[in-house]
Structures are given as C-alpha cells and as structure tokens.
Amino acid sequence: MILHPAILALVAGSSVTGLMIVGASWFGLQIIRRWDLSSGSELQLGLEKKTYLISTVMAYAFAFQIVSLFLFIHTADSLCTMFTGAMCAAGTLAVNSYGYPVFILKIINFLFAGLWLIMNFTDNRSHDYPLIRKKYLLLLVIMPFVLAEAVIQAVYFFSLRADVITSCCGSLFSTEGKGTVQTFLSLPVNPVRILFFASAACVAATGIYLYVSGKGAYLFSASSLICFAVSALSLMLFISLYIYEIPTHHCPFCILKREYHFIGYLLYATLLGGAVAGIGAGMLQPFRKIPSLAVIIPALQKKLALFAVFSTAAFTFTSLYYMIFTDFIL
C-alpha cells in the first residue's frame, strides 16, 4: 500500500461510513417492524428518540459519501506520477483490476446518497415522519453498495505497487481495439450530439413545466436520467475533444487537471447534481397524497426541478462554450 494522507482518509472514511450504515440498517429493521406513532409504549418512545440521532448521523455519512467521489478522483490523479505509463487518474485506476469498479460504485453511491438525503429531508419536515419506513428500506438497499465500495476500495489501495507499469489514458480511451469503452467511442458523433442537446432541452422543458404547474414529475425524472446517461457518453465521445483540442483524446479524467482549469470538477458536479435532483423529484411523487406532505412535497419538487434545470444548463453551456470558442473543429 502507498501511504498517502488522502488514501488513509478515504479508507478510514469509507470504513466508518460502512459501520455507520450497518448500525443504522439494524436500527432500520426495528423501525420497519415496530414503528407505530400512535403507540405510547416504551419501545416506541425509544425509537422516536433514536431516529433523529440516526438520521443526523447518516446525513453526515452520506455527505461524506458524496464528497468522497471527488476526493477519490483527485487522489487517483495525484498518484499518477508514481506509476510508469500513467498520465492521469485513468492510468492510476488501471494499475489493478479494482480501480474502475470502485469508481463506478462511487458514482452509484453518489446518486443513492443524494436520493436518501432528499427523502430524509422530506421526512424530517413533517411532524409524523410518514416516510420513515421508506427511507430505512432505501437504506437497506444502499447498504450492500456502500459496503462493497468500502471493501473493494481498501483492496484497491492495499494492492497498489509503485513498480507496476500501467496504461495511459490514450490507450485506455481510444477507438482502437475491442471493449465496452471502444464500442461507445465508435458511435457516430452527430446523432449523439443531437441527442445530447435534445435531452438537455427535454430536461429544461419538463423541469419548467413541473415548476410552473406542479405536474409531470415522472416525465421530468425520466428526462433527467436519460440526459445524465447521454451527457456522460457525450463527455467522452466529443465534448472532451473540444476541451483538449485533440481529435483522438477522449479521456474523462485529464479535464480535472490544472492546465484545463479544473473544468472537469464543474462538469462532474453539475452532471451528477442535476441527475440527483431530477430523479429525486420523481421519487417523491408517490408520496404527495400523504396529508402531512401534501404541501411540503410540491414545494420541494419545484426547488429540485429548478436546481436540476440550472445544473443541466450549466453543464450544457459549459460544453457549448468549448465547442464554439475553441479553434478546434471536429
């Protein structure tokens, strides 16, 4: 293992988060089985006292889970100088077979963490905690992913060896060869570019409609999910080419470097933030009929729609800026 402060912070933070979510899930099982707000039993009073503390602890744990994605990418990028052949985080993640699975799990857990925080915030706004069983059921779904991330991340870092020769991003994200990445990078640019702008326009249209009328949450959520997938593909397929001004450089990690003004962090934050807010608006839709949430959820959905629309617009217009104001022509 390479001893590095950021590595130690990530391993320790993920371990603590994993322990927290296991404990919270065990408490959640009691909530799911025995919660009864109409009861004045000693058990119910004990559950009511604990749930606020558990929710607060998990809110901090999931906040770390969100931040850890960016810390992980930054750490991988900063370690690239230790490995022969690596030029950015892409090479560091390819040092062993655990790097990219951790990266994918961190993205999944980023989305899960954001959705749980939205549900928890909504539940805490009501006096009768109407979503308490739902949010702990969601916690049980999230737990295996968080634990898998913690374990695989620890194995990844413990398995790092400085004498390993790895691949550079130019070979990992090239159109030559066979593989999942190569398949996506071989797609025709123009149809994907049209789909990219069309999906962003759909998010804007459905988001504004939800904000104005309070309707169409499911359509907006679906549009946000599709836009997230299309935007992630577009970032590798053609947006990165305009940032690098190189026709063959599709790496999604070099844009995090200083020479590109760390623009990758803005792109990743707006892409993921918009997806969480958009999906979260649809996630809350089934609970609008609950009396204590009848006013809270519509107002929150409007805020989520506004945030998602602005995040998507920020990602789109930042990409469009590079497409228009660089000398590169694709």
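The values are calculated or read from the model by the stated rules, or taken from the named source; none is laboratory data. Keep in mind it's a predicted model, so treat the numbers as computed, not measured. All Cβ positions, glycine included, derive from the backbone under ideal geometry; neighbour counts span all protein chains shown.
Restricting attention to segment 170-216, the residues being at positive phi and surrounded by fewer than 16 Cβ atoms within 10 Å (Cβ to Cβ) number 3.
Taken together, SER38, SER68, SER25 contain a single residue that is hydroxyl-bearing (Ser, Thr, Tyr) and free of Cβ contacts under 8 Å to residues at least 24 places away in the same chain, which is SER38. Of the residues making up segment 1-43, those that are more than 27 Å from the chain's Cα centre (by Cα) and among the hydroxyl-bearing types (Ser, Thr, Tyr) are SER38, SER39, SER41. Reported count of residues in segment 89-136, each being in contact (Cβ under 8 Å) with a residue 60 or more places away in the chain and either among the polar types (S, T, N, Q) or over 26 Å from ALA275 (Cα atoms) (or both), is 11.
Restricted to helices (runs of 4 or more DSSP H) entirely inside segment 1-95, no element has at least 1 residues that are assigned by TED's automatic domain parsing to the domain that holds ALA269 and closer than 21 Å to LEU111 by Cβ.
Among the candidates LEU266, LEU271, LEU256, the residue that is on the phi < 0 side of the Ramachandran plot, at pLDDT 95 or above and buried (at least 16 other Cβ atoms within 10 Å of the Cβ) is uniquely LEU271. No other residue among LYS106, LYS135 is among the basic types (Lys, Arg), closer than 28 Å to LEU225 by Cα, at pLDDT 95 or above and in a helix (DSSP H, G or I) apart from LYS106.
PRO144 fulfils the conditions (1) within 30 Å of THR316 (Cα to Cα); (2) at pLDDT 95 or above except for a single criterion, (1).
Would you please name the residue that is farthest from ASP128 (Cα to Cα), looking only at residues in segment 280-318 that are small (Gly, Ala, Ser) and crowded, with 19+ Cβ neighbours inside 10 Å? Among those that are small (Gly, Ala, Ser) and crowded, with 19+ Cβ neighbours inside 10 Å, it is SER311. Give the residues of segment 156-203 that are hydroxyl-bearing (Ser, Thr, Tyr), part of a helix (DSSP H, G or I) and more than 15 Å from ILE226 (Cα to Cα), sorted by residue number. TYR156, SER171, THR180, THR183 - these are the residues of segment 156-203 that are hydroxyl-bearing (Ser, Thr, Tyr), part of a helix (DSSP H, G or I) and more than 15 Å from ILE226 (Cα to Cα). Among all positions in segment 5-13, there is no residue which is out of contact with any Cys (no Cβ under 9 Å at 6 or more places or on another chain), loosely packed, with under 13 Cβ neighbours inside 10 Å, within 17 Å of LEU138 (Cβ to Cβ) and without any contact (Cβ under 8 Å) to a residue 24 or more places away in the chain. The listed residues are LEU304, LEU241, LEU300, LEU284, and the only one of them that is assigned to a helix (DSSP H, G or I), within 24 Å of SER68 (Cα to Cα) and hydrophobic (A, V, I, L, M, F, W, C) turns out to be LEU304.
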